[in-house]
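See structure below.
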Amino acid sequence: MIDKRIDFDHLRQDFPILKSKNRNKPIIFFDSAASSQKPIQVLNAVNDFYQKDYANIHRGIYELSERASLLYENTREKVRQFIHAPHANEIVFVRGTTEAINLVAQCISKNESGEIKWQAGDEVILSEMEHHANIVPWYLLKKQLGIVLKIIPVTDEGVIDITSYQDLFSSRTKIVAISHASNALGTINSIKEMIKIAHQHQVPVLIDGAQAAPHFAIDVQALDCDFYVFSGHKMYAPTGVGVLYAKKIWLDNMPPYQGGGDMIETVSFTHITFAKAPHKFEAGTPDIAAVIGLSAAIDYLQQIGMQAIDQHEQQLLQQAEPALLSIPKLKIIGTAQPKVGVISFVIDGIHPHDIGTVLDHEGIAVRAGHHCAMPLMNRFGLSATVRASFGIYTNEQDIDALVEGVQQAVRIFS
Ligand SMILES: Cc1ncc(COP(=O)(O)O)c(C=O)c1O
């Protein structure tokens, strides 16, 4: 194994925004789970594309459009490698995790011709820790079709209860949709085991990888998941692009999600034939520049190495959690192992928004709220937590500043 030591402090120079200010203080960014900052390599790739190679894709018969199309399609191959998918045509570009889950919910419940094949009483298994993006699309389907949502409980530590999970399967179960890592707790779920269990019941599994893809290596073949979805903007790429990986058999058997240009073979007013996947699912002009930016972000992450990124974030967790826990009345919500670099906490007697406001005045950006996981907050009897989430630019000094800022909030509000 190559001993690859990365100077994470040096790497901060790649992020121009870290020279920017928050409340006139140097910015200390702890909201990467919401959206990460962008390295100059990604910004330059987008800029270069607009300045040198920009044209619409898949349409022009001129060289510039061919160049843009090639850059776009090369990114598909790069994403394939990044998540170790078998074929590039199993990679669909979407706007983000949210769109990918909506696509799957709407399309998997229909046959290839678009006729609804699920029935009232069919079941979808979700967990109590899902982001709203992995609840609402299924709730909409429940409203449309009368399906039933079955919810896997989460333990006090913030772990999915596998025994309860096993008990939720029935002959009506149509899909399991669960997060790889929780945005509100940091928990990395035992998805490999969960996928295996679902497959024993012949049930497909969708993995919401929004909080996994930025932090550690993904291997969809090793996981054997049916769908894997994630957002570019959380992994140092621009907003506007995300990925839906789906096994070919699903893409072939699902109808298109949206209709428009670029997803058809032939069109008349009486009959339309569709392009093959992935194009069947990419109607209209996509965010081409964001896709090019995603390509640069993957290059950037792979240059550092996902293993090194994971190790860096684990070290920061080891520094941050005991330091925060030394603050009286502070409780971390989500104490599972392993975790990604996400720490949710509350302090008895101080509202999370007040802590967030004190930190903001110190230049420290955290999230305070329900983190788009209201059912999870209800599970813990909370309306909100403070969440500090790490990126590759987070360093030890940031953690020190966070701990000091929280101590100051305690002094102010106690
Ligand atoms: C676990 C998880 N799933 C889904 C999403 C939704 O992602 P997007 O808003 O990029 O579609 C998020 C965003 O925070 C998330 O953390």
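Criterion applied to 259, 240 was being surrounded by fewer than 16 Cβ atoms within 10 Å (Cβ to Cβ), out of contact with any Leu (no Cβ under 6 Å at 6 or more places or on another chain) and either outside any loop (DSSP other than H, G, I, E, B) or of a type in the set (Gly, Ala, Ser) (or both), and the one residue passing it is 259.
Restricting attention to region 288-300, which residues are crowded, with 21+ Cβ neighbours inside 10 Å and not hydroxyl-bearing (Ser, Thr, Tyr)? 288, 289, 290, 291, 292, 293, 294, 296, 297, 298 - these are the residues of region 288-300 that are crowded, with 21+ Cβ neighbours inside 10 Å and not hydroxyl-bearing (Ser, Thr, Tyr).
The condition (being outside the structural domain of residue 395 (by TED's automatic domain parsing), loosely packed, with under 15 Cβ neighbours inside 10 Å and not aromatic (Phe, Trp, Tyr)) is satisfied by just one residue among 57, 61: 61.
It is to be established whether one or more residues within region 117-126 are under 18 Å from the mean Cα position of the chain (by Cα), at pLDDT 95 or above, within 15 Å of the ligand (Cβ to nearest atom) and not assigned by TED's automatic domain parsing to the domain that holds residue 381. Yes, region 117-126 contains a residue that is under 18 Å from the mean Cα position of the chain (by Cα), at pLDDT 95 or above, within 15 Å of the ligand (Cβ to nearest atom) and not assigned by TED's automatic domain parsing to the domain that holds residue 381. Among the conditions (1) assigned to a helix (DSSP H, G or I); (2) more than 12 Å from the ligand (Cβ to nearest atom), residue 149 misses just one, which is (1). Looking only at residues of region 130-146 that are part of a loop (DSSP other than H, G, I, E, B) and touching a residue at least 40 places away in the same chain (Cβ under 8 Å), we find that the one that is most open to solvent (accessible area, probe 1.4 Å) is 131. Taken as a whole, the condition of being in contact (Cβ under 8 Å) with a residue 60 or more places away in the chain, part of a loop (DSSP other than H, G, I, E, B), on the phi < 0 side of the Ramachandran plot and touching a helix residue (DSSP H, G or I) at 6+ places or on another chain (Cβ under 7 Å) does not apply to residue 177.
Of all residue pairs spaced 6 or more apart or on separate chains, those with beta-carbon atoms under 7 Å, a first member in region 274-289 that is farther than 10 Å from residue 256 by Cα and a second member that is hydroxyl-bearing (Ser, Thr, Tyr) are 288/72; 289/50. Checked across region 78-91, the condition of being exposed (fewer than 15 other Cβ atoms within 10 Å of the Cβ), under 23 Å from the mean Cα position of the chain (by Cα) and either part of a helix (DSSP H, G or I) or within 16 Å of the ligand (Cβ to nearest atom) (or both) holds for at least one residue. If the condition is being closer than 20 Å to residue 260 by Cα, in a helix (DSSP H, G or I) and touching a helix residue (DSSP H, G or I) at 6+ places or on another chain (Cβ under 7 Å), then region 53-67 contributes no residue at all.
Where strands (runs of 3 or more DSSP E) fall entirely within region 323-398, those with at least 2 residues that are crowded, with 21+ Cβ neighbours inside 10 Å are at 342-347, 385-389. Every test in (1) under 17 Å from residue 226 (Cα atoms); (2) away from the ligand (no atom under 16 Å from the Cβ) is passed by residue 65 save one, and that test is (1). Taking the criterion of being more than 12 Å from the chain's Cα centre (by Cα) and either surrounded by fewer than 21 Cβ atoms within 10 Å (Cβ to Cβ) or within 11 Å of the ligand (Cβ to nearest atom) (or both), the residues of region 217-236 that qualify are 217, 219, 221, 222, 223, 224.
Entry remark, region 180-205: residues being touching a Cys at 6+ places or on another chain (Cβ under 6 Å) and part of a strand (DSSP E or B) number 1 in total. Taken as a whole, region 35-52 holds no residue that is within 16 Å of the ligand (Cβ to nearest atom), under 30 Å from residue 173 (Cβ atoms), outside any helix (DSSP H, G or I) and of a type outside the set (Lys, Arg).
The values are calculated or read from the model by the stated rules, or taken from the named source; none is laboratory data. Just so it is clear, the structure is predicted and the values come from calculations on it, not from any experiment. Here the Cβ is made from the backbone with ideal geometry for all residues, glycine too, and neighbour counts use every protein chain on show. Surface accessibility is based on the protein's heavy atoms, side chains included, excluding ligands, DNA and RNA. Shrake-Rupley method; radii C 1.70, N 1.55, O 1.52, S 1.80 Å.
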